[in-house]
Amino acid sequence: MGVTKNSIRIVRGEPDRVSDILRLLQEAAGWMELNGIKQWTPGQFTETDIAGYFADRHVYLALDDGTVVGMFTLQFSDPQYWGSKNDESYAYLHRLAVKDSHRGRGLGQQMLKYAVVLAKDLGCKSLRFDTVAHNIKLNRYYQSMGFHYMGTNDMGIGRLVNLYEHFEEGAESDRLTLRFISESDFEHLKRWSVSPEYLKQWAGPSLTYPLEDEQLVKYLKDANHPGLSDRLIFCAIQEATQQVVGHISFSAIDRVNRSARIGRVVVDPEFQGKGIGKRMMQEMLRIGFDGLDLHRLSLGAFDFNTAALKAYEAVGFKREGVQRESALFGEQYVDCVEMSILDREWTASRNS
């Protein structure tokens, strides 16, 4: 099986390419070291190790006029990285690498898309892979391609990896992915914050009107490392168009008591009424309970926001109390309704 795009062909590799693969991986590792990416080192690769790839996994090469310019491998079990989540019905991608001469030309994305289709053609449920947790930019890249966060694994010596799986549920036009926010997304949040009242409605007291970059930089600081941060902050994007349509976050992540709070939930006004808020919340529950292994998720909504309250109840949240007259809107104090959902409640609702 092979695929051609422009001058690039992706084909199943053969053992006679061991030396080409070694050069490619050492070059990629050198590039990582120069750019401060703690993932590979040139010395970790040897011809003996690479020859072993052909015995325990599939090797795929991207060829440009016969020259190896990219590669990845597929294996069909990965307990080292996935632990208890390992499932032999999936394909697991490793050693994704692109030659220096072909960086920035979309080859990495081309190989990932090819691998997604290939996994299905090989009879697997879908494609899985891991990436270093500290490289938030790289994690955002994978998330934007429709890969969903499945957990974080500690590989020892302070090396944390994030686990990802490609989802294809529903029509492509309806697929929604949560991607870590970046400074390039600030304009969306500022545009959606049309008044002091509306900003307070979705952000509470954490952000103030007018919303400015300085506030958002502070909000983003030290966030989005699933193994270490107390905040994970997402934009919701439509997979087909890559359009940012919403924002949502975890805060107060407590790994000892396995709890967190969901907040700052807002949908682009142009996309409201289309079920995006509900799908955002469903994905947050999956991430919270499946990915972060939490026991309890909580949130609050002002009592006048009946649409939000109904949406939260629809995905399983239960009302547990009211903070009376907790916020001032204009000249009137309003109540905040406190809600929560537990892991066993989410599991039961998902299986019903």
Check on Arg261, touching a Leu at 6+ places or on another chain (Cβ under 8 Å) and not in a helix (DSSP H, G or I): yes
Index of the failed condition, Lys137 passing every other in (1) surrounded by fewer than 18 Cβ atoms within 10 Å (Cβ to Cβ); (2) not in a helix (DSSP H, G or I): (2)
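Look through Arg319, Arg296, Arg255, Arg279 and report the one residue that is farther than 18 Å from Asn224 by Cβ and surrounded by fewer than 16 Cβ atoms within 10 Å (Cβ to Cβ). Outline the logic, then answer.
Details: Arg296 fails: surrounded by fewer than 16 Cβ atoms within 10 Å (Cβ to Cβ); Arg255 fails: farther than 18 Å from Asn224 by Cβ; Arg279 fails: surrounded by fewer than 16 Cβ atoms within 10 Å (Cβ to Cβ).
Answer to the selection: Arg319.
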Qualifying positions in the range 146-163 - buried (at least 18 other Cβ atoms within 10 Å of the Cβ) and in a loop (DSSP other than H, G, I, E, B): Gly146
Only listed residue being of a type in the set (D, E, K, R) and crowded, with 18+ Cβ neighbours inside 10 Å, chosen from Asp78, Asp16: Asp78
Selection status of Val132, over 19 Å from Met155 (Cβ atoms) and of a type in the set (A, V, I, L, M): no
Which numbered condition Ala171 misses (of (1) modelled with pLDDT of 95 or more; (2) more than 17 Å from the chain's Cα centre (by Cα)): (1)
Tally of residues being in contact with a Gly (Cβ under 6 Å, 6 or more places away or on another chain) and not in a strand (DSSP E or B) across the range 42-74: 1
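The values are calculated or read from the model by the stated rules, or taken from the named source; none is laboratory data. The shown structure was predicted, so the numbers you read here are calculated from the model rather than taken from an experiment. Cβ atoms come from the backbone with ideal geometry, glycine included; neighbour counts cover every protein chain shown.
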